[in-house]
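The values are calculated or read from the model by the stated rules, or taken from the named source; none is laboratory data. From a predicted model like this one, the values you see are computed outputs, not experimental measurements. Glycine gets a Cβ as well: all are built from the backbone with ideal geometry, and neighbour counts include every protein chain shown. We work out accessible area using only protein heavy atoms, side chains counted, and drop any ligands, DNA or RNA first. Shrake-Rupley method; radii C 1.70, N 1.55, O 1.52, S 1.80 Å.
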Amino acid sequence: MVLCYPMGYEYMQSHRSYRRIADRLAGEGYPVLRFDFYGCGDSDGDMDQGHISQWRKDIETAVDQIKKKSEVSRVCLVGFRLGGTLSIMHGSSHGNIDRIILLDPVINGKNYLGELADIHESLLSDSHLTPGPRPKNQLPSEVQGFPLTDVMITDLMNIDLLGTVQKPADNILIIKSGADLAKGNFVEHLETMGVRLSHLFSDSGLWKDRQAGEILVPVKVLEVMASWMSEVYP
Amino acid sequence: MKEEAVLFGQTGSLVGIVTGPSETETTNRFPAVILLSPGRVHHVGPYRLYVRLARNLAAMGLTVFRFDLSGIGDSGIRTDHLPFDQSAVIETQEAMSYLQATRKVDRFILIGICSGAGISYRTALCDSRVMGAVLISASINLYGNDDVLSNYIERCGKIRYGWRLLRSSRIEDWVRLVVERLDFKKIIQICMTMVIGVWYQMERLLWNRKRESAYINKCEADFRVLNERGVHLFLINSENDFLGAEYHNMLINKQTYPMEAEAELQVELVKGSDYNLSLNKNQEHLLKIILNRIQGFIELCQSPFHHQRNSE
């Protein structure tokens, strides 16, 4: 199992959750690797040096590492939000992923950028902050304390999982927490590619108004993840 | 520079990262620095600030330790049901003991933001190994989860918040509130805040001075303890932290900290910043302030006067 974190503030919000997921899956007997992307967390590099193509290479490195260290041949990726998106992109381009677990993946990067811009405006308004001048309709250069570089903006604009051509994995579990997954019919798109899909809707509203470290994946979700994995790896 | 993930603590369930100079650069003349995160933020710190801070400080020759308290980040949970206020101080002391045993340092500077600042302060009070503390957005957190004080000061702070809202709001924001967004809820909220604030200030003047003075006296006594030990305190506040300003003005004034001790208590303001230091420019400014302050501590450690005072 390789756990891929989301980016920015969502990383801070979900960090503890990832530890819980890792503990639960390791307790079920799976070797688990969770890592920080370049420029994030404890990894090398500055935050404004992180970009999507580097992060995709990081997943490749992580997959190679867990195969070597644990002597496994099959790998499952787990990702929340952009971590889920990158998992799909990796699976599709490399064809070496057995299963993927997604929680509220980012389907369309342009929409995601719009959400981030809204969050940033809210933050400025609520905190009575005055940032530097910015032309109207231009995206902010930071969101919730994390930089948003031009390179990252371009990378995110180019993300559209509905354009995925190759099957990312044979089996995918999608967990939806109230974020709108219905836009663009991502689920149908995966099914047309021959993916065996499982769904779980957890209406806990995981992301809204949560501070860093506050997101905890419900026990029910952890149980579904574990039992879904055990269906194929008894 | 080296970075190492470690397990430590009485049960070996606490996770931390030690960042330090390489062996050829090591010197244990300098104190080690321990970084305490706020709330449930894990050891990278808010907006990954602690990663940057640790690496910059290590480049200056210091050993830096950032770790997760029990139940936060990568650390395990405690099973002894000790209240957080107590366990956090104990675990910070365990972090110091770990560095003493493994890195041969015996003096420490604690740096904390928000609740991390409160933990740093309370640890400094009870542990003589602490020679200095950098407390960021600390005022509201100095005395932990004191509900009576929190409720009381929050009420007193409302009027300051309300007036500040009025002064900092731009005309176009108010026009937008009234005309474009028709956000009557927000307008009423602001007006009610002002009215309630006026009432609480009157209540404060008439009845609550005695309650307030108990906290001021405690703070004065605690600062005296730190001053007598030669502990340096550096407070960094945010300009838009209205509630923090109320706490700060109540607790830290000429009465609590005598004029002659000014050199060992310094206060700096991050202009244009909110309580959470959300903007990148505020984080950069904060980083610069802290690095300058730590540089000052290093120079102090190297001064003969400091060695003389410590040996008295």
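Remarks
- Residue within segment A:23-43 that is touching a strand residue (DSSP E or B) at 6+ places or on another chain (Cβ under 9 Å), over 18 Å from A:S87 (Cβ atoms) and surrounded by fewer than 24 Cβ atoms within 10 Å (Cβ to Cβ) present: yes
- Qualifying residue in segment B:13-25 (condition: surrounded by fewer than 22 Cβ atoms within 10 Å (Cβ to Cβ), at positive phi and within 11 Å of chain A (Cβ to nearest Cβ)): no
- For segment A:12-40, the tally of residues that are within 17 Å of A:L77 (Cα to Cα), without any contact (Cβ under 8 Å) to a residue 60 or more places away in the chain and within 9 Å of chain B (Cβ to nearest Cβ) stands at 2.
- Number of positions in segment A:106-122 that are of a type outside the set (A, V, I, L, M, F, W, C) and farther than 13 Å from A:M157 by Cα: 4
- Boolean, B:R29 is within 25 Å of B:L277 (Cα to Cα), open to solvent by 10 Å² or more (accessible area, probe 1.4 Å) and part of a loop (DSSP other than H, G, I, E, B): no
- Test: residue in segment A:62-80 that is out of contact with any strand residue (DSSP E or B) (no Cβ under 9 Å at 6 or more places or on another chain) and either among the small types (G, A, S) or within 14 Å of chain B (Cβ to nearest Cβ) (or both): yes
A quick yes/no check of all residues on (1) within 14 Å of chain A (Cβ to nearest Cβ); (2) open to solvent by 50 Å² or more (accessible area, probe 1.4 Å); (3) farther than 23 Å from A:F146 by Cα:
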site: B:G39; (1), (2), (3): yes, no, no
site: B:L49; (1), (2), (3): yes, no, no
site: B:L57; (1), (2), (3): no, no, no
site: B:F67; (1), (2), (3): yes, no, no
site: B:T79; (1), (2), (3): no, yes, yes
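- Of the numbered criteria (1) open to solvent by 20 Å² or more (accessible area, probe 1.4 Å); (2) free of Cβ contacts under 8 Å to residues at least 24 places away in the same chain, the one A:L124 fails is (1).
Residue-by-condition table, conditions (1) β-branched (V, I, T); (2) open to solvent by less than 50 Å² (accessible area, probe 1.4 Å):
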site: B:L82; (1), (2): no, no
site: B:S87; (1), (2): no, yes
site: B:A95; (1), (2): no, yes
site: B:T102; (1), (2): yes, no
site: B:D106; (1), (2): no, no
site: B:S115; (1), (2): no, yes
site: B:I136; (1), (2): yes, yes
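- Scoring A:G213 on the criteria (1) modelled with pLDDT of 90 or more; (2) within 17 Å of the chain's Cα centre (by Cα) leaves a single failure, condition (1).
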